[in-house]
Amino acid sequence: MNISSNRHLDQNRAPIHEALEQFRQMRVVPFDVPGHKRGRGNPELTEFLGQQCVGVDVNSMKPLDNLCHPISVIQQAEELAADAFGAAHAFLMVGGTTSSVQSMVLASCKRGDEIILPRNVHRSVINALVLCGAVPVYVNPEVDQRLGISLGMQREQVARAIKEHPNAVAVLVNNPTYYGICSDLRAIVKMAHDAGMLCLADEAHGTHLYFGSGLPVSAMAAGADMAAVSMHKSGGSLTQSSLLLTGPNVHAGYVRQIINLTQTTSASYLLMSSLDISRRNLALRGRKVFRQVADMADYARDEINEIGGYYAFGKELVNGNSVFDFDTTKLSVHTLDIGLAGIEVYDILRDEYDIQIEFGDIGNILAYLSMGDRPQELERLVSALAEIRRRYSTDGTGLLSQEYIDPVVVSSPQEAFYAEKESLPLRESVGRVCSEFVMCYPPGIPILAPGERITSQIIDYIEYARSKGCSMTGPEDEEIRYLNVLK
Amino acid sequence: MELWFSELHTPDVKHSIRVNKHLYSQQSDYQRIDIFETPEFGRVLALDGNVMLTERDEFIYDEMITHVPMSVHQGIKDILVIGAGDGGVVRELTRYDRVEHIDLVEMDPQVVEACRAYLPGNACRMDDCRVHIYFENALKFIRRCENKYDLIIVDSTDPFGPSEGLFTLEFYGNCFNALREDGIMVNQQGSPFYKQDAEAMQRSHKRIVQTFPISKVYQAHIPTYAAGYWLFGFASKKYHPINDLDAEAWKKHNLRTRYYTTQLHAGAFYLPAFLEEMLKEVE
């Protein structure tokens with residue numbers, strides 16, 4: 001059942017945007033929050049952000065609806081979003097895609113429930129498990145030996161996990177991974193549904209899949225039950241705005257309750273209007289826009305591969321299973337063959353060439369391409385990579401390839417996070433159970449999660465990543481010389 | 001009738017030229033192209049509203065960006081010219097018999113078309129058999145070149161528009177790589193006078209200094225450019241712009257010039273104190 005099917009939906013409309021424009025004309029006298037009162041009370045902020053912007057930084061009120069319980073313009077904006085994305089319901093989210101992912105998990109699992117997921121999930125997924133007390137069942141992703149990156153989940157592995165954990169409540173899939181790799185989502189949805197489980201999709205890197213031709217299938221089209229969609233990444237909306245989509249078998253009212261457990265009651269109209277305007281843009285022009293993005297990425301891949309040494313990977317990785325499909329708008333480049341770690345290339349690009357890319361890890365870099373890119377900037381990126389090879393390449397001595405380390409889960413993330421713990425120097429923590437996260441950010445995929453056994457291989461990896469300049473986060477000790485472990 | 005073309009040199013400074021007739025106005029894929037007929041400066045080419053050249057004073061720019069390197073390095077045969085779709089740089093270079101090959105890489109074919117039609121004084125040598133024109137992104141063109149040219153002339157628009165990529169470390173590095181072991185790169189380096197221009201000039205100088213062992217700046221007086229005061233960069237792997245100036249060899253070419261002389265050549269590298277200081281800051 002599509003709740004919006006009985007209305008005439010016009011994707012040219014942007015109800016929140018229109019209501020804000022109208023509100024601006026009405027020159028309403030504010031005796032409500034926010035206290036800056038259209039910026040008058042904070043001239044320095046107004047000077048910095050502009051009158052246009054602070055003038056619509058307003059509070060929920062009748063003509064503008066309320067995100068906690070939408071009945072007018074926000075409801076209409078959500079219906080339009082659901083229609084544009086082919087979902088039964090869409091929720092506008094203002095706490096980042098982290099909040100979408102967490103709401104999706106919290107709406108599916110309760111304390112003690114099992115949830116099947118790939119280990120290369122974003123930290124927000126495991127954070128949600130800390131909050132609700134569900135237990136992860138990891139499907140270990142296959143690793144591409146040359147690139148050192150985790151691939152998708154193989155169908156057989158998912159089937160085995162479902163068989164071994166028949167009481168699990170949901171299967172979560174990255175669609176796609178940060179690097180653009182997709183699992184066979186349609187098949188996984190079917191397996192999950194046949195076993196009475198929900199299928200959830202983390203589409204933090206997949207907004208454009210809903211508007212692509214020649215791109216991997218989107219979660220809603222594949223029949224998934226919920227999807228966390230990072231509109232602020234490829235969708236073009238403001239940072240921290242996001243969407244949570246649900247399918248026809250999910251009770252939208254319950255999901256709203258779950259969202260309201262942790263969501264602000266003062267949702268930003270800057271964020272919500274940006275979602276509204278961006279959804280309109282995607283619905284009207286998304287296909288053309290993402291065709292251009294994919295063309296630019298294809299062009300850049302060819303040019304980078306022509307430099308020599310670098311490997312900008314693409315559709316050739318597709319193998320029908322662990323790489324069921326590849327999102328060609330992603331531009332990832334393997335750098336180890338020029339004798340530099342990805343993070344080193346990332347740093348040189350920023351420090352020497354004034355080019356900021358999304359991230360660099362042990363063996364790869366990822367340049368994020370989107371609707372805002374132009375060919376002339378791509379030429380700069382390619383030329384800078386050619387220069388880095390000429391000026392900095394080494395014989396590669398001492399470089400490690402990224403390795404997937406099988407996690408040993410000893411206790412649930414929640415138990416480990418709240419348990420009695422002590423702080424130990426990194427090396428002395430080997431053999432103990434970690435009570436906190438360790439990750440490089442970005443990409444934000446945990447090296448260690450709460451409840452996992454610490455091994456010397458993991459400590460080697462942490463020390464190597466740190467020595468190469470990866471930005472490490474998670475532990476209480478910010479320099480990561482100590483780890484909290486269970487007593 | 002009062003018809004004026006105005007260019008903002010800064011948000012607070014405006015330079016205006018009376019116009020007799022607006023001859024050409026087109027939006028290309030990259031920029032807006034206009035050509036005016038004016039009583040004081042003759043025909044004027046403007047890109048995105050910025051004066052690129054006027055018939056009256058283009059000789060200063062085109063002579064200074066070409067004859068300075070040509071009189072230092074007597075072996076220049078293969079030349080890459082980037083930008084310069086109007087043809088003025090090529091016109092000066094083709095006056096030398098020793099030049100064998102000129103690749104001209106211009107992003108915007110419409111600029112070349114418009115200049116051929118309305119600025120024949122500049123475009124007159126674009127059909128010289130030594131000149132090969134490529135309509136391409138310069139960064140893309142040059143990263144495929146290695147050890148190929150004796151001279152690269154970078155005749156770009158300002159660093160805030162479509163030419164931004166020509167003021168970057170990656171571009172200068174690619175130029176270094178495309179030059180032979182005694183090659184020279186000369187670029188238009190903007191103006192040191194107004195703040196925003198001065199900062200851009202410092203940034204690009206810094207990047208050139210990082211890339212080439214010899215990097216000097218020289219100046220010329222160009223009435224229709226911001227502050228009437230313009231700089232060029234001379235970056236080189238081997239030749240020093242003053243010590244290696246061969247005035248006698250240059251004079252043998254018997255080229256009549258209106259701005260450039262071999263005496264002025266040396267003088268152009270003697271800079272005012274404030275500019276020396278600005279350059280030193282980033283060296």
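Residues in the stretch A:415-437 that are open to solvent by less than 50 Å² (accessible area, probe 1.4 Å) and under 28 Å from A:Val143 (Cα atoms): A:Ala416, A:Leu426, A:Ser429, A:Gly431, A:Val433, A:Cys434, A:Ser435, A:Glu436, A:Phe437.
Within the option set B:Asp155, B:Asp108, being buried (at least 17 other Cβ atoms within 10 Å of the Cβ) and under 16 Å from B:Asn187 (Cβ atoms) holds for one residue only, B:Asp155. B:Glu7 passes every criterion in (1) within 18 Å of B:Trp230 (Cα to Cα); (2) in contact (Cβ under 8 Å) with a residue 60 or more places away in the chain; (3) surrounded by 16 or more Cβ atoms within 10 Å (Cβ to Cβ) apart from (2).
One line per residue, one yes/no per condition, for (1) within 29 Å of A:Val143 (Cα to Cα); (2) part of a helix (DSSP H, G or I):
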| residue | (1), (2) |
| --- | --- |
| A:Leu243 | no, no |
| A:Val255 | no, yes |
| A:Thr264 | no, no |
| A:Leu271 | no, yes |
| A:Phe290 | yes, yes |
| A:Ala300 | yes, yes |
| A:Thr328 | yes, no |
| A:Asp337 | yes, yes |
| A:Val345 | yes, yes |
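Pairs linking a residue in the stretch A:461-477 that is buried (at least 16 other Cβ atoms within 10 Å of the Cβ) to a residue that is basic (Lys, Arg), with Cβ atoms under 7 Å and 6 or more positions apart or on different chains, are A:Met472/A:Arg466. Looking at the stretch A:366-408 only, could you name the residues that are of a type in the set (Phe, Trp, Tyr) and either exposed (fewer than 15 other Cβ atoms within 10 Å of the Cβ) or at pLDDT 90 or above (or both)? Selection gives A:Tyr368, A:Tyr392.
For the stretch B:251-276, a residue qualifies if it is touching a residue at least 24 places away in the same chain (Cβ under 8 Å) and under 16 Å from B:Tyr96 (Cβ atoms), and the qualifying residues are B:His253, B:Leu255, B:Thr257, B:Tyr260, B:Thr262, B:His265. Being under 22 Å from A:Ser100 (Cβ atoms) and either within 23 Å of the chain's Cα centre (by Cα) or surrounded by 21 or more Cβ atoms within 10 Å (Cβ to Cβ) (or both) holds for only one residue in A:Ile259, A:Ile357, A:Ile338, A:Ile304, and it is A:Ile259.
The criterion of at least 3 residues that are open to solvent by 20 Å² or more (accessible area, probe 1.4 Å) and away from every other protein chain (no Cβ under 14 Å) is met, among helices (runs of 4 or more DSSP H) falling completely within the stretch B:165-271, by B:195-211, B:247-251, B:262-268. Across the stretch B:111-146, which residue is nearest to B:Asp62 (Cα to Cα) among those that are open to solvent by 60 Å² or more (accessible area, probe 1.4 Å) and part of a helix (DSSP H, G or I)? Looking at residues that are open to solvent by 60 Å² or more (accessible area, probe 1.4 Å) and part of a helix (DSSP H, G or I), I get B:Pro120. Residues that are within 13 Å of the chain's Cα centre (by Cα) and either among the basic types (Lys, Arg) or open to solvent by 40 Å² or more (accessible area, probe 1.4 Å) (or both) within the stretch A:443-456 comprise just one, A:Ile445. Close contacts from the stretch A:206-218, counting a first residue that is at positive phi and a second that is open to solvent by less than 20 Å² (accessible area, probe 1.4 Å) and assigned to a helix (DSSP H, G or I), with Cβ to Cβ under 9 Å and a gap of 6+ residues or different chains, come to A:Gly214/A:Ala294.
The values are calculated or read from the model by the stated rules, or taken from the named source; none is laboratory data. Here the structure is a predicted model, which means the values were calculated and not measured. As a convention, Cβ positions derive from the backbone with ideal geometry for all residues, glycine included, and neighbour counts pool all protein chains shown. Side chains are part of the model used for accessible areas, which takes the heavy atoms of the whole protein and leaves out ligands, DNA and RNA. Shrake-Rupley method; radii C 1.70, N 1.55, O 1.52, S 1.80 Å.
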